[in-house]
Amino acid sequence: MTTIVSQTATTNLLMMNHLIVPLQTLLPPPCLAQTADTNDDELSVTSGTNSPSPGSSAASAPMPNTDTDDNLAGNAGAASDNMIWSIPTGRQPVLFNFTKQTGTEPHLAELLREEPLEMFYFSLINDSIFQYIADQTNLYATQVITDEADVKGTSRLHNWFPTDKNEIKNVFGLLSYMGIVKMPNIQAYWSREAMYKNSMASKVMTRNRFELLLRMLHFADNQDNPGNDRLHKIQPLIDKIVHNFKTSYEPSETCCIDESLIPFRGRLIMRQYIRNKRHKYGIKVFKLCSKGGYTYNLKIYAGKNLDQGHTTPTSVVMSLFESILDSGRTLVTNNWYTSVDLAKRLMDRQTYVFDRHIA
Ligand SMILES: *[C@@H]1O[C@H](CO)[C@@H](O)[C@H](O)[C@H]1NC(C)=O
Ligand SMILES: *[C@@H]1O[C@H](CO)[C@@H](O)[C@H](O)[C@H]1NC(C)=O
């Protein structure tokens, strides 16, 4: 697979590089120090290199891995024939203007004017989302209890009664509390022994009820499983939350895409290991973030086998950016994502791209 890059694309790339100049002020000092050392050898990508094209490079390495961050020969090295990266000189034309009003969506900002800051959180994870979780949990409980019609008379399942959104909020409240106040096991949070100094959990709900709710907690209908989607149990919930992320906030002119790892050491086929992250094991999430750290969009990495075609660097960027293309924004990427192909596609959709390593 080869990418054919026209003369116009070359010109566009030169203009993209020009944009690096004002953007350098955004970079932390170490990057600027690197910039000073940059020489033409590192920047130029000429025809005749053996680098694979962006597509095939992505297929053989669909795993962005910060281990390779120092290596300039990532996707940035995967150039097509006759492409030369260089630093443009002189004034370059402004191709697109950014005119969006950024920040909290005005209607929401008005609603929250008199409210405490944390109410912004409840506009992202709102009551209808808690209701959705309650509904899915009740549905699953019905399925389990029907399946196990012959459960023994003493089974705790007989104590099940439907939950509601307020009780689900309490479950998440307790789970958050358990993340802050660590005890050796769940039972300990309900222990009456003086050494545990418990006063929280038993006021919220009984231990039996909490354990039963944890057992039933569901975010989607198991019977809707399409068979080849590893995320089917969580994706419907993520879609709702991300919808709210997107409608609540207009991201800044400059956005970035990167991965983060949600720490997780349990058994899971798509668990990832990244050597130089503080938490090395976890679930990888591709994120599109605005200045200030707001997550505008995200995509959970489900493993390369099932997700091929959706986790190539270019397709990750294009799908995360989809709803804010054509607005004159600038995307900051790293060398795992950068490619001539990506730059071309983004320029076609009025979006500049800026690689923080090449700069
Ligand atoms: C961008 O804005 C400037 C200043 O308002 C204007 O001169 C220029 O024509 C605009 N460029 C585009 C591509 O819209
Ligand atoms: C709550 O979130 C849901 C799911 O994203 C959304 O459809 C709904 O409009 C939101 N409700 C309010 C009142 O904002």
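The values are calculated or read from the model by the stated rules, or taken from the named source; none is laboratory data. Because the structure is predicted, anything quoted here is derived from the model rather than measured. As a convention, Cβ positions derive from the backbone with ideal geometry for all residues, glycine included, and neighbour counts pool all protein chains shown.
Can you pull out every residue in the range 88-118 that is among the aliphatic types (A, V, I, L, M) and either exposed (fewer than 13 other Cβ atoms within 10 Å of the Cβ) or under 24 Å from I324 (Cα atoms) (or both)?
V94, L95, L108, A109, L117
Of all the numbered requirements in (1) more than 30 Å from T102 (Cα to Cα); (2) touching a residue at least 40 places away in the same chain (Cβ under 8 Å), M178 misses one, and that requirement is (2).
Listed conditions (1) at negative phi; (2) modelled with pLDDT under 75 are all met by G303, apart from (1).
Can we say N244 is within 16 Å of ligand 2 (Cβ to nearest atom), closer than 28 Å to V353 by Cβ and either free of Cβ contacts under 8 Å to residues at least 24 places away in the same chain or not hydrophobic (A, V, I, L, M, F, W, C) (or both)?
yes
Among the conditions (1) loosely packed, with under 13 Cβ neighbours inside 10 Å; (2) within 30 Å of V353 (Cβ to Cβ), the only one that N228 does not satisfy is (2).
Annotation note: Cβ proximity below 8 Å between a residue of the range 93-116 that is under 16 Å from Y249 (Cβ atoms) and a residue that is of a type in the set (A, V, I, L, M) and within 16 Å of ligand 2 (Cβ to nearest atom) (sequence gap 6+ or interchain) occurs for G103/A109; T104/L112; L112/M119. Within the range 86-102, is even one residue within 30 Å of the chain's Cα centre (by Cα) and within 16 Å of ligand 2 (Cβ to nearest atom)? The answer is no, given that none of the residues of the range 86-102 is within 30 Å of the chain's Cα centre (by Cα) and within 16 Å of ligand 2 (Cβ to nearest atom).
Conditions tested, residue by residue: (1) assigned by TED's automatic domain parsing to the domain that holds C289; (2) in contact (Cβ under 8 Å) with a residue 40 or more places away in the chain; (3) in contact with a helix residue (DSSP H, G or I) (Cβ under 9 Å, 6 or more places away or on another chain).
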position	(1), (2), (3)
H158	no, no, yes
T163	no, yes, yes
N170	no, no, yes
P226	no, no, no
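Checked against (1) within 16 Å of ligand 2 (Cβ to nearest atom); (2) touching a strand residue (DSSP E or B) at 6+ places or on another chain (Cβ under 9 Å), R265 passes all but condition (1).
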